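Notes follow the structure.
The values are calculated or read from the model by the stated rules, or taken from the named source; none is laboratory data. For clarity, every value in this text was computed on a predicted model and none was experimentally measured. Cβ placement follows ideal geometry from the backbone for every residue including glycine, while neighbour counts extend to all protein chains displayed. For the accessible areas, the whole protein counts, side chains as well, though only heavy atoms, and no ligand, DNA or RNA atoms are used. Shrake-Rupley method; radii C 1.70, N 1.55, O 1.52, S 1.80 Å.
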Amino acid sequence: MLRREMPPATVSGGWLLRLDSAGGVAPADDDGAMLSRVDPWPESAMRLGYWSEVPVAVSVEEGQEWPPAREWLAQVSSAESELIATALQVTRWARDHRFCGRCGHAMRRLGHEFAMHCDHCGLRSYPRISPCIITLVTHGKDMLLARSPRFPPQRYSTLAGFIEPGEAVEAAVRREVMEEVGVDVGRVSFFKSQSWPFPHSLMMGFFAEAASRRIRIDGEEIVDAAWFSPDNLPQLPPVYSISRQLIETHRGAVAVR
Ligand SMILES: [Zn+2]
C-alpha cells in the first residue's frame, strides 16, 4: 500500500516504478511485478511516498515502449492501481507545468509535497484532479446503459461527465443524465469513488433512480442508450472499472429481492 508521506531529500533509493513517455509501465522481472529495487534512483525520479515502508519513486524513460497502464490496471491489486494512478498523474503534471501559467517563468518542483513553485511571482501549482460523476440510472431492476462513439463495438456503459466549475456533485449527476439521455432522476445516492488517471479524472460513482423510462439521446456524446434487465446485459466495461462495479452491485442487490 502507498503511504502518502514524502521521503526526505537524503533518501536516494528504494523501489522504482518506471514509465515510458506514453504512460506505459515497465515490468520489473519475469513474475509480473512492476517495482524494482534501485539505489540510487535516476536523478529525474520523483518521490511518491513509501511502499511497504520502503521509499518509492517514479521515473520516466524516453525511447521505451512498455505495456499500457490500462493493461496493468486490469491485473494488479487496488493498492498497486493506486500507485500507478499516482505515478501517471504526478509525472504528467510535472511535465506539463514546467512554466508558470501566470507569468511564464520556469517553475521549481518542491521536495516535500507535489507542488511547483514560481520564484518570480509566487504562484504555486498542484497536480490537477478533474472530478467527474459516473452514474448508473436504474428503474426497478432495470439499468440504463449507453454507448459513446469512442467505445469498442457492442459495449455499453454507465453515464459519465465532468463536474463544471461552481457546480455541486449531485447537480452534475442530474444535469448529465438529462443532457445525455433526457431522463429525470429522483433519488441519487453515492456509491464510491475511483481515481482514473487518463489523464487525471476522479470518478465519483452514484446510483440514480429514474423518474420515467422515456429516453431521448443527444446523438453526440451518446449514440445509443437503452434499458437492460439484469439477466440480459450487453457487453460491459472491464471488471476493474467503477462503471462495472456499479452495474454488478445493482445486479447483486436486485437478485436477492
Ligand atoms: Zn510566475
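Structural size metrics of segment 1-91, computed from C-alpha coordinates, are Rg and Dmax of 12.0, 35 Å. Computed on protein heavy atoms with a 1.4 Å probe, the accessible areas place D184, D218 in the order D184, D218, largest first.
With 0.36 nm allotted per residue and the present C-alpha distance subtracted, the Q64-S44 stretch has 5.6 nm of extension available.
When averaged across all projection directions, what area in nm² does the alpha-carbon convex hull of segment 130-255 cover? Directional mean of the projected Cα hull area for segment 130-255 stands at 7.2 nm².
For the chain, carbon and sulfur atoms together expose 51% of the accessible surface, with a 1.4 angstrom probe and every protein chain in place.
Using a 4.7 Å Cβ-Cβ cutoff, the cysteines of the chain lacking any partner cysteine are C132. Normalising the average separation of contacting C-alpha pairs (under 8 angstrom, six or more residues apart) by the number of residues puts the relative contact order of segment 1-84 at 38 percent.
Taking all protein chains together and rolling a 1.4 Å probe, S81 ends up with roughly 30 Å² accessible.
Largest GNM mean-square fluctuation among E53, E170, E179, using the chain with Cα springs under 10 Å: E53. Rolling a 1.4 Å probe over the protein heavy atoms leaves L233 with an accessible area of roughly 40 Å². Starting from the amide H of V185, placed 1.01 Å from N in the peptide plane, find each other amide H under 5 Å away whose residue is 5 or more places distant or on another chain. Amide H neighbours of V185: A211.
Please give the per residue accessible area of the chain, computed with a probe of 1.4 Å over protein heavy atoms only, in Å². The partial results should precede the final answer.
Details: 13450 Å² over 257 residues.
On a per-residue basis, 52 Å².
When the chain is treated as a Gaussian network with alpha carbon springs shorter than 10 Å, the biggest mean-square fluctuation among V239, V60, V25 belongs to V239.
Taking only the Cα atoms of the chain, the radius of gyration and Dmax are 21.0, 63 Å. I'd like the antiparallel share, as a percent to the nearest 5, of DSSP beta bridges with both residues in the chain. Of the beta bridges lying entirely in the chain, close to 70 percent run antiparallel.
Between the amide H of L48 and those of V56, A57, V58, distances stay under 5 Å, these residues lying 5 or more places away or on another chain, with hydrogens modeled in the peptide plane.
Expressed to the nearest 5 percent, the antiparallel share of DSSP beta bridges inside segment 2-96 is 65 percent.
Among H250, H97, H112, what's the order by accessible area (1.4 angstrom probe), most exposed first?
Numbers: H250 15, H97 50, H112 125 Å².
Final ranking, largest accessible area leading: H112, H97, H250.
Solvent-accessible surface (1.4 Å probe) assigned to F99 amounts to roughly 120 Å².
Leaving ligands, DNA and RNA out of it, rank R150, R175 by accessible area with a 1.4 Å probe, largest first.
On the way: R150 200, R175 45 Å².
Per-residue accessible area, sorted high to low, gives R150, R175.
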